[in-house]
Amino acid sequence: MGIKIKGAGAYLPEKIATNEDFEKIVDTSNEWILKRTGIKQRHISQGEFTFSMGLKAAKQALKNANVTAQQLDLIIVTTVTADFYFPSMSNVIQGKLGAENAIGIDISCACAGFVYALDMAQRYIDFGDGINTVLIVSAENMTKTVNYKDRSTCVLFGDGAGAVVVEKGENKAYSHLGVDGTQAELIYAHLFAPNNCFTEKEEALKNSKVFPNETGRFMFMDGPVVYSLAVKIMASSLKKACEKAKISPNELDLIIPHQANIRIIETAIKKLGVQKEKVYVNIEKTGNISSACIPVCLAQILKEGKIKENQKIGLVGFGAGMIYGATVFTF
Ligand code: ACO
């Protein structure tokens, strides 16, 4: 039992914000951003809904996979920036696609979302009760959570979506997944404060203080601490996924890491002892689009014809939670 990736799609909004644009709004410079993060530009959604970006990527993935919406049995959407409390993104996308035979589930696993969704897709397919074709859509509107007065976070994030069609296949994907919830205060963005006619505003605000930093609806991130944890977690998680697959990290033909910071990627790869030519990086053009990073990379790699049949691929992600995970599979 196993899975096969049939096709992928990506959508990045047209509007681009360059490092030079950020020089005009916060005390920063192109040199600092490029040197400390590897980012040159990011795509910005300009109010477009998360599901709408996901839908565009999904349609492209279905076309590239030569699969119809009616053939889908399950749609998994990964996002930390859903448009609604309800309904779920997967239900909206199912309706817009006309995928009447598919059930839909949303998962919130931050930047590790795609890795968790791929693992989940395989488990559903393996269970053998009729789910054979799965669409994973990872769509993020990160710029909705960004505080454009906070130079340490606002330069990092962009918007976009990636989608992948997964079918039953010959090769098993081996995953290593983990969570350290004791570190949940390192990155967060609040949903709305309580707002009902029986609660005083002051009381509501007092009761809704969970984590220490006041950020309103914006993101908080302790960048340097996340940085040091991310470097260790990425290397060890991918190593453990390789151990499960009974290969060494060196045997991987291609590694697609979460695109948070080029320095995190380079340090983690050094720790693994893998050649950096095997690592796909597009952070320069997209910034961090949370769970959409990995499937957007996959769609670009497939379009560029950079993956060949039977090659071994490693995916690794980490993010708010702290949540992390890696998957190793044969293409
Ligand atoms: N421009 C200029 N200077 C800046 C900027 C900026 N945009 N941002 C911070 N600085 C300054 C700081 O104020 C500080 O100045 P000081 O020394 O005078 O106090 C100095 O640069 C160094 O700041 P650090 O925070 O130590 O910089 P660092 O090298 O750690 O880079 C960064 C910051 C890029 C945020 C890094 O820590 C990082 O990438 N962290 C991990 C982020 C991440 O991976 N997030 C993952 C998940 S996101 C999610 O799950 C939603």
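The values are calculated or read from the model by the stated rules, or taken from the named source; none is laboratory data. From a predicted model like this one, the values you see are computed outputs, not experimental measurements. Because the Cβ atoms are built from the backbone with ideal geometry, glycine has one as well, and the counts that use them run over all protein chains shown. To get the accessible areas, we keep the full protein, side chains included, count just its heavy atoms, and leave off ligands, DNA and RNA. Shrake-Rupley method; radii C 1.70, N 1.55, O 1.52, S 1.80 Å.
Quick look at the values:
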quantity	calculated
Accessible carbon and sulfur surface of the range 188-260 relative to its total accessible area, %, 1.4 Å	57 percent
Charge dipole of the range 2-170 about the Cα centre (unit charges at C-beta), most positive-ward option of Gly158, Ile39, Ala117	Ile39
Heavy-atom accessible area order for His43, His258, His190, largest first, 1.4 Å probe	His190, His43, His258
Surface accessible to a 1.4 Å probe, Tyr227 within the full protein complex, Å²	60 Å²
Accessible area of the chain divided out per residue, in Å², using a probe of 1.4 angstrom	47 Å²
Amide N proximity, the range 175-196 versus Lys209 label position 7 Å along Cα-to-Cβ, cut-off under 20 Å	184-196
Reciprocal of mean inverse Cα separation for the chain (Kirkwood radius, Å)	20.0 Å
Kyte-Doolittle mean at least -1.0, axial Cα span of 27 Å or more - DSSP H helices of the chain	223-245
Ranking by accessible area, most exposed first, for Phe157, Phe220 with a 1.4 Å probe	Phe220, Phe157
Zone residues, the range 306-331, relative to Ser248, backbone N less than 18 Å from point 7 Å out along Cα-to-Cβ	312-314
With all protein chains modelled, accessible area of Ser236 [1.4 Å, Å²]	50 Å²
Estimated FRET transfer efficiency (Asp129, Tyr85; beta-carbon r; R0 25 Å; 0.05)	0.25
Largest-first ordering by accessible area, 1.4 Å probe, given options Leu12, Leu298	Leu12, Leu298
Rule-of-thumb Rg ratio for the range 2-170 [Cα; 2.2 N^0.38 Å; N residues]	1.13
With DNA, RNA and ligands ignored, accessible area of Arg217 (1.4 Å probe; Å², nearest 10)	130 Å²
With every protein chain in place, the range 2-170: carbon and sulfur % of accessible area (1.4 Å)	50 percent
DSSP-loop GluC sites (Glu not before Pro) across the range 255-331, with at most 14 other Cβ within 10 angstrom	Glu304, Glu309
Relative contact order for the chain, counting Cα pairs under 8 Å that sit 6 or more residues apart, in percent	26 percent
Cα extents of the range 103-204 along the three principal axes, largest first (Å)	57, 37, 27
The chain, helix-only ellipticity at 222 nm - DSSP H runs n ≥ 4, -39,500 (n - 2.57), divided by all residues, nearest 500	-10000 deg cm²/dmol
Potential lengthening between Asn30 and Ser108 on full extension [0.36 nm per residue; Cα-Cα distance subtracted]	24.9 nm
